[in-house]
Amino acid sequence: MRTVFSYLLPYKWAAGIAFIFMLLELTVELIQPLLLARIIDDGILQEDLTTVVVWGSIMIGLSLLAFIAGILNSFYAGHAGQSTGFDLRNAMFKNIQRSSLDKLQPFATSSLMTRLTNDITQIQNTIFMGLRIMARAPLLVLGGAIMAFIINARLAFFLIITIPILILFLLWILKKGVHIFSLVQSQVDRVNHVVRENLTGIRLVRVFVRRLHEIERFFAESDALRHRMVQAFRLMELTMPILLLLMNGSILLVLWFGSFQIENETAQVGDVVAIVNYATRITSALGVFAMIIMVFSRARASALRIEEVLLEPDDELSESVNHPAPPTLKGELTFESVSFSYEGQKTDVLKEISFTVKPGETVAVLGETGSGKTSLFQLIPKLYEADKGEIKIDNTSIKEWNIQMVRKQLGYVPQSIRLFSGTIRENISWGVPDAPIEDVHFAAKVAQIHETIEKLPDGYDTKVGQQGVNLSGGQKQRISIARALLREPKILLLDDSTSALDTKTEERFLKALEQYSCTTLIITQKLSTARKADKILLLEYGQIEGYGSHEHLMEKSTFYRKIYHSQYGKEG
Ligand code: DGT
Ligand code: MG
């Protein structure tokens, strides 16, 4: 909670001004019953019209003042709330960008999205409401009680004993509210999760005729959200009747004892009217307070969720600051008994991996699905950190270098291709935004996609849809390869990137790739591709089953021979 509200600090002036205007509004509100008492006692009861007119005009003037103060308060409160939300949202986004993947693993994408949008909105609303009415309600209660006490201490006594009981009751509601609203927010997460899954997988849903099932799934989550909200509102609805019951009870007592006091002339009619007026104002302030508690409970739940993301240390960048940038790399890659498991997983995904790739060599990484190939790749740009062992580039551990700089010399084509919205050229030069068009063409030629792009109506300026929907899988794959090549990497990591290429195109690509003379690791399922590499790294259940040339493995590895016979046996 404190972290989130520390983001309000830069706007303390706006918040302060809003607060002052709120106090002005409040003061007017507290004076009004006093003026009312004067009008009744000195004006109406004495049948003095001038007094009524004078005090009445003052009341109108003050109301006008309060009205203007209210508008200005809204303006500054809105400014403070929106700006704080803006800063929070940006800070959160930056933190997400900076956090290591292991740290982000526990958060579902949809949950991060809810936190960035819905939760921030809750905070914005709370700051606004806070500056507009939150502080006003307790001050009005306190001020009202004091004023009533000044006017007639004995009559005010009934108010003063009722108020603490009500406050205790409201605090109890607050405690319950925070709990219920944290459930509401995580249910919002779940609704968003279903929406996101369905929008990204809409084709699958149609083809598998799962539309009705998915609609039902959405309804179920949506209904659960409704249920939670109803639960929350029910709690809040409980407050008003109880509040009114107690306050009206105390007003009755004030009237009852007030009538005695008027009879024996220890009180004036105006005093009783003023105290009753304070009592109703206090009641409505407490009512507002109950509503604020609801907003506040929700904000508290949201603040906790935001802080979970905000408090993630930005380990990646801070680490990089103190480390020297590597020189131009030669591209030698060494794994020394590297073991790795994902956060929260018990078994190692990679076990005691050791191998060396010389600069400029091409190594094919072969292994069954789930054997840990992608995981092995992700360790090289330090997307995840190895639990044990060392990964060295040019004989220096990647821990010792500024990782951003190392990454700049790596080319990575991930298994699941992502294109960004924009043109094809923008997508290819995404890693090197100011690359000259000739370089873009060259990279595209090597990636065997240049001709295809040229044939498109707008060529390199063709817009790629939100996720490149207007391109085929293989085309996207090759654009993604061109994107990696444009950076002229010293080490190139291709994760199953040639799976959608036919044998001839693949052959041409591998031949053209030699012009880059980078160290290349290429994950593949196809032996025909693997055989063209200098060496083959065979992975099985996260362990190295064999490492060497095709001939070497044919001789040494039964597992490799089995793969060989299964693939070539079929092909004849
Ligand atoms: P593929 O792409 O199907 O040919 O399989 P590989 O060899 O690329 O397998 P990989 O490295 O993606 O997965 C190895 C194991 O690690 C597998 O049991 C699933 C698990 N795994 C992969 N990615 C994650 C992750 O992000 N989080 C967790 N907890 N486990 C993961
Ligand atoms: Mg994989």
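What to note about this one:
- Filtered residues of segment 394-415 (kept if away from ligand 1 (no atom under 16 Å from the Cβ), surrounded by fewer than 21 Cβ atoms within 10 Å (Cβ to Cβ) and under 14 Å from Phe377 (Cβ atoms)): Arg407
- In segment 517-536, the qualifying residues are those that are assigned to a loop (DSSP other than H, G, I, E, B) and within 16 Å of ligand 2 (Cβ to nearest atom), and the one that is farthest from Gly372 (Cα to Cα) is Lys526.
- Test: Ala435 is touching a residue at least 24 places away in the same chain (Cβ under 8 Å), more than 16 Å from ligand 1 (Cβ to nearest atom) and closer than 27 Å to Pro359 by Cβ: yes
- Cβ-Cβ distances below 7 Å connect no pair with a first residue in segment 193-207 that is outside any helix (DSSP H, G or I), a second residue that is at pLDDT below 85, and a separation of six or more residues or different chains.
- Residue check, Glu514 in a helix (DSSP H, G or I), within 43 Å of the chain's Cα centre (by Cα) and exposed (fewer than 15 other Cβ atoms within 10 Å of the Cβ): yes
Residue by residue, here is whether (1) buried (at least 21 other Cβ atoms within 10 Å of the Cβ); (2) in a strand (DSSP E or B) holds:
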{"position": "Phe355", "(1), (2)": "no, yes"}
{"position": "Leu419", "(1), (2)": "yes, no"}
{"position": "Glu426", "(1), (2)": "no, no"}
{"position": "Trp430", "(1), (2)": "no, no"}
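- Lone unmet requirement of (1) away from ligand 2 (no atom under 15 Å from the Cβ); (2) in contact (Cβ under 8 Å) with a residue 60 or more places away in the chain; (3) closer than 19 Å to Leu553 by Cβ for Thr356: (2)
- Condition met for Pro10 (touching a residue at least 40 places away in the same chain (Cβ under 8 Å) and surrounded by fewer than 16 Cβ atoms within 10 Å (Cβ to Cβ)): yes
- Looking across segment 366-390 at every residue that is crowded, with 21+ Cβ neighbours inside 10 Å and in a strand (DSSP E or B), the one that is farthest from ligand 1 (Cβ to nearest atom) is identified as Leu366.
- Selection status of Ser497, part of a loop (DSSP other than H, G, I, E, B) and within 16 Å of ligand 2 (Cβ to nearest atom): yes
- Against the criterion of being surrounded by 22 or more Cβ atoms within 10 Å (Cβ to Cβ), modelled with pLDDT of 85 or more, part of a helix (DSSP H, G or I) and among the hydroxyl-bearing types (Ser, Thr, Tyr), Ser302 qualifies.
- Segment 545-562, residues that are out of contact with any Lys or Arg (no Cβ under 9 Å at 6 or more places or on another chain) and closer than 20 Å to Thr334 by Cα: Glu545
The values are calculated or read from the model by the stated rules, or taken from the named source; none is laboratory data. The model shown is predicted, which means the values in this text are computed figures rather than measured ones. Positions of Cβ are generated from backbone atoms using ideal geometry, with glycine treated the same way; all protein chains shown enter the neighbour counts.
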